[in-house]
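The values are calculated or read from the model by the stated rules, or taken from the named source; none is laboratory data. Here the structure is a predicted model, which is why all the values come from computation and not from measurement. Quick reminder, even Gly has a Cβ in these numbers, built from the backbone with ideal geometry, and neighbours come from all protein chains shown. We work out accessible area using only protein heavy atoms, side chains counted, and drop any ligands, DNA or RNA first. Shrake-Rupley method; radii C 1.70, N 1.55, O 1.52, S 1.80 Å.
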Amino acid sequence: MIIGLDIDDVIFKTSERIEQTLGDLKNDNLESIKIDVMRGDASNPMVKEFLVKYLPMAIVNAEVMDGAVDVIKRLREKGNKIILITARGNVNFPGTEELNEMVLAREGILYDEIIYNSIS
């Protein structure tokens, strides 16, 4: 079986990390676009600027969801192909592909393929 998993908020607590960053910055302009930031709506220039600047830090510092590593490992052991899917990617957020792969390796998350720049 082929199983597709989103990276953000399925494997990593990305939204939690981004929300913490927004709170730490205490910027009224960012507060007004918080919902768009949380949705990753890069069509808004302010959101895109925020994500280009802070998404790399969120990728590196976001915690892994409880049990995610073990579940993915067991799924692969049963012969499933794991494909990770993410809106992250060098098209909109330069350098994020390399960071993703570094963090996935650091956390011991095994996968067969990554689809980057997948925006709904």
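What to note about this one:
- In the stretch 1-39, residue nearest to GLU98 (Cα to Cα) [restricted to those that are assigned to a loop (DSSP other than H, G, I, E, B), modelled with pLDDT of 90 or more and of a type outside the set (D, E, K, R)]: ILE7
- Hey, ALA42 under 18 Å from LYS13 (Cβ atoms), open to solvent by less than 60 Å² (accessible area, probe 1.4 Å) and not in a helix (DSSP H, G or I) or not: no
- Number of the exception - ALA62 against (1) in contact with a helix residue (DSSP H, G or I) (Cβ under 7 Å, 6 or more places away or on another chain); (2) under 25 Å from MET1 (Cβ atoms): (2)
- Pairs meeting the criteria (first residue in the stretch 88-103 and in contact (Cβ under 8 Å) with a residue 12 or more places away in the chain and farther than 16 Å from GLU63 by Cα, second residue of a type in the set (S, T, N, Q) and surrounded by fewer than 17 Cβ atoms within 10 Å (Cβ to Cβ), beta carbons under 8 Å, at least 6 apart or on different chains) are ARG88/ASN117; GLY89/ASN117; GLY89/SER118; ASN90/ASN117; VAL91/ASN117; ASN92/ASN117; THR96/ASN90; GLU97/ASN90.
- Taken over the stretch 93-108, residues that are part of a loop (DSSP other than H, G, I, E, B), out of contact with any Leu (no Cβ under 8 Å at 6 or more places or on another chain) and crowded, with 17+ Cβ neighbours inside 10 Å amount to 0.
- Residues that are more than 19 Å from ALA42 (Cβ to Cβ), open to solvent by 10 Å² or more (accessible area, probe 1.4 Å) and outside any loop (DSSP other than H, G, I, E, B) within the stretch 69-91 comprise VAL69, ASP70, VAL71, LYS73, ARG74, LEU75, ARG76, GLU77, LYS81, ILE83, listed in sequence order.
- Qualifying positions in the stretch 109-118 - part of a loop (DSSP other than H, G, I, E, B) and either surrounded by 13 or more Cβ atoms within 10 Å (Cβ to Cβ) or free of Cβ contacts under 8 Å to residues at least 12 places away in the same chain (or both): ILE109, LEU110, TYR111, TYR116, ASN117, SER118
- Flag for ASP6 being in contact (Cβ under 8 Å) with a residue 60 or more places away in the chain and either open to solvent by 40 Å² or more (accessible area, probe 1.4 Å) or more than 23 Å from VAL60 (Cβ to Cβ) (or both): yes
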